[in-house]
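As structure tokens, the structure follows; a few thoughts come after it.
The values are calculated or read from the model by the stated rules, or taken from the named source; none is laboratory data. Note that this is a predicted model, so its numbers are computed, not measured. A quick note on method: Cβ atoms are made from the backbone with ideal geometry, for glycine too, and the neighbour counts reach across all protein chains shown. For the accessible areas, the whole protein counts, side chains as well, though only heavy atoms, and no ligand, DNA or RNA atoms are used. Shrake-Rupley method; radii C 1.70, N 1.55, O 1.52, S 1.80 Å.
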Amino acid sequence: MAAATLLLQLVQTRIFSVVYWNHVVYFIVSIALLGFGISGTWMSFGKDSRLARVLTVPLAAVLFFVSTLVSSLAMTQLDINTASVATVKSNQYLLYLTYACAVLPYFFSGWILGLVYRDYAEHMNFLYFADLVGAASGCFLFLALIGPLGAVTLVVIAAGLVTLPALALNPRSRISLYGGAICLATAAAIVVFERDIDRSIQPEETKALVSLYKAAGHVPAIEPSIEFSEWNSISRIDVTGSVRHPREKRIFIDGDAWTGMAVHWTHPPSDWNPERECLITWASPYLLIPKPDSVLVIGSGGGVDVLNSLRANPSHVDAVEINPTTARIVKQEYGKQTKVVFGRPEVDVHNEEGRSFVRRSGRQYDVIVMNAIDTFAALNSGAYVLSESYLYTVEAMKDYITHLTPGGILNISRWKTPAESVRLFTVMLEAMYELGYETPERHILAVFNPFNGFIGIMAGNRPFSDIQIETVREHAERNKLNMMFPVAQEDMTYAIQKTYKQYADLRQTGKQLDAVKQWEFDARPVWDDSPFFFNFLSVRKLLMARYSSGAAEILRGGRASLTLFTLLFWLTVAVLVFMFLPLLKRGRARIPRFPSWLVYFICLGIAFIFVEIALMQRFSLLLGHPARSLATVLATLLLFAGIGSQMRATLRIPLAVGISGAIVTILVAGFVYPSIVPLTLGWPLWQRGVVTAAMVAPLGFFMGMPFPEGIRLVSIHGRDAVPWMWGVNGGATVLGSVLAIVLAMATNFTTVFVSAAAVYALALFLFVRRLSSIPAP
């Protein structure tokens, strides 16, 4: 049951990520998890309630099967344009319907689990242990099966893992017999037509896989020809022919972010000719280092940046690609077409996260290139991540710069949006200050290419000379581009030029915040402890963000940030309507000190999810891949939480000791672990995995004790109160998943850890002063 539920959550996240934009996925999965809390609340009406008499285990199992297929495969066929949700009512209603359907599987799964917890509460420690071990195994099932089986088949497996065992508990009932037969037949049909169903999962019309094939001018709309499609743990990869250039292939990630595949080269590319070709922004470093010995390309994708580097005739190129499918197909499935690029002996392709690779490789490079790389799917644990990236923090820039050869150049290109290009500049400049350079602003050059809409910022470990600056300036003028930094006051034509200079001047005296206060967006530097590079939210722009429809605003900035606060509002409403109003109708449970128990379980829900989110975030950098972080952290946390639950009962560890242990280990994770992670970044992967598990295990061990023991004590005084506590804890967990990200974006993840410790301290106070002294009935 637990394995299937977590498996379903992860698979739905993958499917929704293809169909919708990232912030809508955040919304759907968070609201869906509310189903657990609602089921527990309604179960608190007791065995004699009408719902409890009607919704038996077999019926709940069949409804879980049906709602899983409807929410995962049917609702995703609706034509919803989330860019116009704020202005088109029909889109709003369809989105609300999608949310409502997403809740249902978790409601029925939570109902079945709640029945087990209520009826066997005296064995709560063992049940909790089995539940968490099952959830951990669900995580590993997802990672192992998503590639070979695909998302559609995994949906069927998740539905079956809950439904069939539940029906087997009462095999002779009519619901079990007829419902089981219908479920089996439906599952078989879906598996038979899996390929067609998978191809029907298409992104909404504003995502690139659809929008690039729309009618444009006199060119009619065409259907994209998908040559290759594959699911993996972090995305779905689709390969199509280009719209305007039939010989070009395009690799789409989750239906949007795309990279061209360099397949049209049949012979080695010629050398760069700066007199006749424009090198800015993709190949800017080769203006100043025409013959680099070594090049690192972070986010190699289909090979365009690798091709650009080969035109400079380097001795060695390391191409780093985080997506395992992309890294494979350019060497295997499309190896013949890309052999001129990826088949060259001097090119090595690495499937790894760029930052981790830089630390691990230990090499130094003449040129490091990172052009328009985004990691919106950083952690696909469900509702826990909006748009953070460890590639664009101050610490990341320091890693890149310190891995340059003397006089080497780092080149990063981003879209020329005011907030994004300014933040990249402030991050890079702050890194120069932290590296202790005498004149940090002399280490940065920036140029805007109006023909592709990108700003390229170059940074070096040595100050750029006047000759180098003039070389770039002349090349920009010859190609009708714009120098952005450094620029004389009288030559400024763009507001960004003035912003760059103002910030750089004020940073020399430490008064840069004076500039930040004048901006309508937040573009302050970001660090590893709060790596939300794409969060530019300012309160003044918050409400206006709902009317934004451009891809830049949907992906990053106001719209995505507004989603957090909208989500928090609607979750609060849902908790009030579906949980607290039923409580008022039913009346308080007949157990002593009910309000204290209520707050106790709310504290456990919020604190546990705070720690879970912060740990997965922290260790994604160490493990070099978000999927690895999800698997290792979540599985270790849940496994050792189950072990802690069982060991507390076996060894009779006082609950106050368990909660105190949780507080101590959380504070250690918040303040000590950040110093350990950088020291181990260069270790082999298996060693980093062991280190991660070793650091997560103590937290899980102690955090697994308070909930099951609390449930056991509540059951002593009244079994009907158990579902209510289970439900309230689930609702608090969902609210906590949003609050943790809001808190991290406003402050940092260390604050999230400290807040979790404080909430556990409140639970400890309640238990010691109010709950532990309740006499047994």
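Numbers for the structure displayed
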read-out	value
Burial order of peptide ranges 63-73, 354-364, 11-21 (average beta-carbon count within 10 Å, highest first)	11-21, 63-73, 354-364
Region 292-526: C-alpha gyration tensor shape, a/c 1.5 cut-off, then a/b vs b/c	prolate
Solvent-accessible area per residue for the chain (1.4 angstrom probe, square angstrom)	38 Å²
Rounded if a/c under 1.5, otherwise prolate or oblate - region 307-359, Cα gyration tensor axes	oblate
Inter-centroid distance (Cα atoms) of region 460-496 relative to region 128-201, Å	59 Å
Antiparallel %, DSSP beta bridges [both residues in the chain], to 5	65 percent
The chain: relative contact order as a whole-number percent, Cα under 8 Å and 6+ apart	17 percent
Carbon and sulfur %, accessible surface of the chain computed with the full protein complex present, 1.4 Å	62 percent
Protection-proxy order for peptides 566-579, 744-757, each taking the mean of Cβ atoms within 10 Å per residue, highest first	744-757, 566-579
Gain in span if fully extended, Lys47 to Val210, counting 0.36 nm per residue against the direct Cα distance	53.6 nm
Relative contact order [Cα under 8 Å, 6+ residues apart], region 1-207, whole percent	41 percent
Correct option for semi-axes √(5λ) of the Cα gyration tensor in Å [calculated from the coordinates] among [x] 60, 35, 24; [y] 49, 37, 24; [z] 48, 30, 23	[z]
Packing-based order for 150-158, 648-656, using average beta carbon neighbours within 10 Å, highest first	150-158, 648-656
Projected label distance in nm at Phe765 and Phe140, using a 7 Å step from Cα toward the beta-carbon	4.1 nm
Between 0 and 90°, nearest 10: helix 721-746 axis offset from the chain longest Cα axis	20 degrees
Shape category assigned to region 588-776 from the gyration tensor of Cα positions, a/c cut at 1.5	prolate
Between 0 and 90°, nearest 10: helix 124-168 axis offset from the chain longest Cα axis	40 degrees
Full-extension gain in nm, Asp293 to Thr186, via 0.36 nm per residue minus C-alpha separation	32.6 nm
Too-long pairs where the Cα-Cα distance tops 25 Å, listed order kept, from Lys249/Lys398; Lys339/Lys416; Lys249/Lys339; Lys249/Lys291	Lys249/Lys398; Lys339/Lys416; Lys249/Lys291
Theoretical FRET efficiency, 1/(1+(r/R0)^6), r = Cβ-Cβ of Gln332 and Ser465, R0 51 Å, to 0.05	0.70
Nearest 10 degrees, 0 to 90: helix 558-575 Cα axis against the chain principal axis	0 degrees
